[in-house]
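Since every read-out is calculated from the coordinates, none of them should be taken as a lab result. Note that the coordinates shown come from a computational prediction; the quantities given were computed from them, not determined experimentally. Note: ideal-geometry Cβ built from the backbone for every residue, glycine included; neighbour counts use all protein chains shown.
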Amino acid sequence: MIPQLQRPLVIFDLEATGINIGTDRIVEISLIKVQPDGTRQTRTERINPGIPIPPEASAIHGIFDADVADKPRFADIAADLRDWLEGCDLAGYNSNRFDVPMLVEEFLRAQVGFDENRRYIDVMRIFTLMEKRTLEAAYKFYCGKTLENAHAAEADTLATWEVLQAQLERYAVELEPDVEFLDRFTADEEFVDFGRRMIYQNGVEVFHFGKHKGKPVEEVFEREPSYYDWMLKGDFPEHTKLKLKTIWLRYRSRKNR
């Protein structure tokens with residue numbers, strides 16, 4: 001069963017130098033854009049991360065420094081990729097926790113921006129909520145196939161798209177083939193930033209880590225203003241800092257009234 005689309009849905013997967021959203025970089029991205037009429041386009045790009053690829057990362061995805069030495073940097077393709085994604089919702093496997101935050105970081109570093117006003121479907125969330133398995137097991141369980149070339153971005157992207165369709169078939173009673181429904185269903189918490197350092201509680205931004213975990217952000221600004229500067233200078237994702245600045249400006253505006 002294909003999900004009901006009101007606008008294009010892009011299923012994508014990243015391979016990177018590591019899993020630290022703030023410091024690691026993308027080395028490969030593969031995307032499938034599915035139009036509401038069912039037609040689709042596939043796009044795969046290898047990217048020079050500008051930093052060495054650790055051996056442990058290469059052991060997983062099979063991409064080495066020499067493979068990307070002559071490839072473009074993300075900044076070189078950022079504007080074109082942003083335009084290609086315009087008006088699209090996003091889907092992936094564990095994408096809400098890794099792929100989307102990593103992609104947003106790269107866009108912010110390239111200073112081309114990223115439109116957050118879209119829906120996000122995390123296929124792993126459907127799987128873990130319903131069956132709790134890995135992508136390879138999901139592919140075997142839902143599609144009856146063995147995932148060849150796992151951890152290659154294109155293979156994982158195609159498998160994720162097949163798994164999503166099979167999930168909608170299997171859970172036709174529980175799941176609506178609608179992107180807005182799947183966005184709500186796969187959301188695990190309401191996060192302020194893709195790095196998940198802040199969450200919403202009753203509509204209020206609250207820190208989700210460290211010594212101020214559970215405290216409203218503006219309350220921390222009031223009691224410990226230096227915490228804002230510490231975070232801006234720290235090794236936090238750019239998207240986290242962007243959201244923090246927005247809250248800080250709102251807080252200062254209220255203070256100066």
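What's the FRET efficiency of Lys145 with Asp235 using the Cβ-Cβ distance as r and R₀ = 30 Å, to the nearest 0.05?
0.15
Taking a spot 7 Å from the Cα of Glu56 along the direction of its beta carbon, which residues of region 139-160 have an amide N less than 16 Å from it?
none
Among residues other than Arg118 whose Cβ falls under 10 Å from its Cβ, what is the net charge (Lys/Arg +1, Asp/Glu -1)?
Counting the neighbours of Arg118, the net charge comes to -3.
Counting other Cβ atoms within 10 Å of each Cβ, which chymotrypsin sites (Phe, Trp or Tyr not before Pro) in region 189-251 have at most 15 and sit in a DSSP loop?
Phe209
Residue by residue, what Karplus-based ³J(HN,Hα) values in Hz, rounded to whole numbers, does region 66-83 have, using 6.51, -1.76 and 1.60 with θ = phi - 60° and x for Gly and Pro?
Using θ = phi - 60°, the values come out as 5, 6, 10, 4, 9, 8, x, 6, 4, 4, 6, 10, 4, 5, 5, 5, 4, 5 Hz.
Could you tell me whether region 58-116 comes out rounded, prolate or oblate from its Cα gyration tensor? Rule is a ≥ b ≥ c as square roots of the eigenvalues, rounded for a/c under 1.5, then prolate if a/b exceeds b/c, otherwise oblate.
Oblate, because a/c is 1.5 or more while a/b does not exceed b/c.
Sum up the charges of everything whose Cβ sits under 13 Å from the Cβ of Val220, counting Lys and Arg as +1 and Asp and Glu as -1, but leave Val220 out.
After counting each charged neighbour, the total is -1.
Running Debye on region 198-255 with equal point scatterers at the Cα sites and no solvent, what base-10 log of I(q)/I(0) appears at q = 0.27 Å⁻¹?
For region 198-255 at q = 0.27 Å⁻¹, log10 I(q)/I(0) is -1.36.
Amide H to amide H, which residues 5 or more places from Gln201 or on other chains are under 5 Å from it, using H placed in the peptide plane?
Amide H neighbours of Gln201, under 5 Å, 5+ apart: Val206.
Starting from 0.36 nm per residue, how many nanometres of slack lie between Glu176 and Arg43 once their C-alpha separation is accounted for?
45.1 nm
Report, to one decimal in Å, the Kirkwood hydrodynamic radius for region 131-188 based on all distinct Cα pairs.
So the Kirkwood estimate lands at 12.1 Å.
Work out the length of the dipole vector of region 9-186 about its Cα centre, built from +1 on the beta-carbon of each Lys and Arg and -1 on the beta-carbon of each Asp and Glu, and round it to the nearest 20 debye.
About 260 debye.
So what's region 9-186 giving for Cα Rg divided by 2.2 N^0.38 Å, two decimals?
Region 9-186 yields a ratio of 1.01.
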